[in-house]
Every structure is written in structure tokens, then in C-alpha cells.
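A short write-up of the structure that comes next.
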Amino acid sequence: MTDALPDPRPPEPRSPQPLPADLLRVGDAERQQAVTALGEHYAAGRLDQDEYDTRIQTAYAAKTRVDLQGLFGDLPE
């Protein structure tokens, strides 16, 4: 009779699931593109000064793509 010994190898780690594209982090280039686009909307009269200032601050503080996308939900492409 043989006693079964536990397998000494640790289980293989599972690869992490990729994040949805909207949750990927953004860098300075993406933030600057958003600021430029907001400036164009401001120049076209779609944003007043307060809205523009608030959105610019939000753009510079953005961490993910969804943070930036939220700035343009009510503006035409």
C-alpha cells in the first residue's frame, strides 16, 4: 500500500485578465490631446470659461481613458 504524497509543486499562477480599454491608464500625451480638443470646443463657443477651466483641471488629473472620455460626452466629435 502506498500513501499518496501531496504534490510539492505550487500551482501555476493564472495569467491576469486584461483590463477593458476604458480602464487603461493614460499618459501625458493623451491628457494634452484632450486639453487641445477642449480648447477647440471652447474657441467654438461650446464651453463657457467655467466649464472649460473645470474640464481642463479634470483632464490633467485623469488617470484612465474613461476619465478623459467623460469630458466629451456632451460635445460633438
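The values are calculated or read from the model by the stated rules, or taken from the named source; none is laboratory data. Every value quoted in this text rests on a predicted model; they were computed, and no experiment measured them. So basically every Cβ, Gly included, is an ideal-geometry build from the backbone, and we count neighbours across all protein chains shown. These area figures cover heavy atoms from the full protein model, side chains too; ligands, DNA and RNA do not enter into them. Shrake-Rupley method; radii C 1.70, N 1.55, O 1.52, S 1.80 Å.
So, with +1 on the Cβ of K and R and -1 on the Cβ of D and E, and no other charges, what is the size of the charge dipole of the chain about its Cα centre, to the nearest 20 debye?
Working: 8 positive and 14 negative charges, 50 e Å.
Here the chain has a charge dipole of around 240 debye.
In the stretch 18-33, which residues have a backbone nitrogen under 17 Å from the label point lying 7 Å from ALA43's Cα in the Cα-to-Cβ direction?
Inside the label zone: 32-33.
In Å², what does the accessible area per residue of the chain work out to with a 1.4 Å probe? Walk me through the numbers on the way to the answer.
Details: 6390 Å² over 77 residues.
Spelled out: the 1.4 Å probe surface of the chain, per residue, equals 83 Å².
Expressed as a whole percentage, what fraction of the accessible surface of the chain belongs to carbon and sulfur atoms when a 1.4 Å probe is rolled over the protein heavy atoms? Write out the running numbers ahead of the final one.
Numbers: 3420 of 6390 Å².
Of all accessible area on the chain, carbon and sulfur atoms account for 53 percent.
With a point put 7 Å past each Cα toward its Cβ, work out how far GLN57 is from ASP7 in nm, to one decimal.
Going by the 7 Å Cα→Cβ label model, 5.5 nm.
Compute the helix-to-body angle for 49-61: its Cα long axis versus the longest principal axis of the chain, expressed 0 to 90° and rounded to tens.
Tilt of helix 49-61: around 20 degrees.
Just need the relative contact order of the chain here, percent rounded to a whole number, with Cα pairs under 8 Å and 6+ apart. Before the final figure, lay out each step's value.
Working: 45 pairs, mean separation 26.7, N = 77.
That works out to 35 percent.
Quick query: amide H of THR64 versus all other amide H atoms, modeled in the peptide plane; which residues come in under 5 Å with a sequence gap of 5 or more or a different chain?
Those qualifying (amide H under 5 Å, at least 5 residues apart or on another chain) are VAL26.
Just to be sure I understand: if I project the alpha-carbon convex hull of the chain onto a plane and average over all orientations, what area do I get in nm²?
Numbers: hull surface 33.3 nm².
Over every viewing direction, the Cα hull of the chain projects on average to 8.3 nm².
Quick check: net charge around GLU77, other residues with Cβ under 14 Å of its Cβ, Lys/Arg +1 and Asp/Glu -1?
On the way: positive: ARG46; negative: GLU40, ASP74.
Value of the local net charge: -1.
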